[in-house]
Amino acid sequence: MQEPTEPTDVPACRALTAGDQCPSSVEGINTALTCQYNAACTVPGGPVGCFGATGCQYYDVDPCKALGSYPAACPAAVEGINTALHCVYNEKCISPGGPVGCWGSTGCQYYTPPTPALMQEPTDVPACRALTAGDQCPSSVEGINTALTCQYNAACTVPGGPVGCFGATGCQYYDVDPCKALGSYPAACPAAVEGINTALHCVYNEKCISPGGPVGCWGSTGCQYYSPSP
């Protein structure tokens with residue numbers, strides 16, 4: 001089938017200043033996010049964050065900071081975080097060595113209700129020590145995301161370890177490519193890819209890995225917005 005012509009350098013995008021609400025007149029854009037105009041986004045295969053070749057680029061979004069101090073579902077936009085749990089924003093979690101429950105140095109902290117009294121966090125868990133890179137995350141580790149793969153990392157046995165550590169258990173989420181996981185079957189665009197429009201469907205296209213890929217590529221992530229045959 002013939003590819004539809006992609007709109008380029010859209011006036012509504014050109015009118016943006018950094019941090020404006022993404023314009024609803026641009027079909028398919030995620031109006032829940034903020035945008036800016038970037039001339040480099042007026043050709044297919046522009047930098048990460050470009051919405052097609054319209055000129056609109058999603059602006060800096062900090063999903064952890066957006067939580068504030070009120071517990072809410074941990075944001076799926078933070079790679080590897082367990083969205084089945086609740087999180088709050090804690091600026092002490094920005095740097096390595098933050099308090100217990102920090103998700104790496106993202107600013108997100110797993111929320112533990114103040115009652116009953118906080119339990120001591122398990123460290124260097126045997127089920128984590130037994131992992132080899134790419135094993136399924138062990139279900140015996142309470143709260144871990146068993147839909148992902150894990151590895152053991154000794155640096156994850158103390159609070160405030162590197163990004164991807166699950167607490168101080170020693171388990172670290174392994175490399176996850178949410179676009180490649182789509183395959184060729186259209187599914188909801190993965191929220192783990194920053195700025196992508198999760199209201200649309202995507203497929204994986206290896207031609208989208210490099211700049212200058214086909215129409216519909218989301219930056220160079222490998223995700224491509226799905227256009228069904230007419």
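Counted residue by residue at 0.36 nm each, then reduced by the alpha carbon distance between them, the extension gain from Glu206 to Ala84 reaches 40.9 nm.
Subtracting the Cα-Cα distance of Asp20 and Asp135 from their residue separation scaled by 0.36 nm leaves 37.2 nm.
A simple spin-label model places pseudo-atoms 7 Å from Cα toward Cβ; at Ala188 and Glu27 they are separated by 2.4 nm. If R0 is taken as 41 Å, the Cβ-Cβ distance between Ala39 and Lys92 corresponds to a FRET efficiency of 0.60.
Taken one residue at a time, the phi angles of region 186-192 give Karplus couplings (6.51, -1.76, 1.60, θ = phi - 60°) of x, 8, 3, 4, x, 5, 5 Hz. Gly and Pro are set to x. For chymotrypsin sites (Phe, Trp or Tyr not before Pro), no site in region 122-221 is both called loop by DSSP and has at most 10 other Cβ atoms within 10 Å.
You can think of it this way: the chain between Thr8 and Lys180 has 59.2 nm of extra reach, that is 0.36 nm per residue less the Cα-Cα gap.
Laboratory data are not the source of any read-out in this text; all were calculated from the coordinates shown. Treat the numbers as computed from the prediction; the structure is a model and nothing was measured. Positions of Cβ are backbone-derived with ideal geometry, glycine not excepted, and every protein chain shown enters the neighbour counts.
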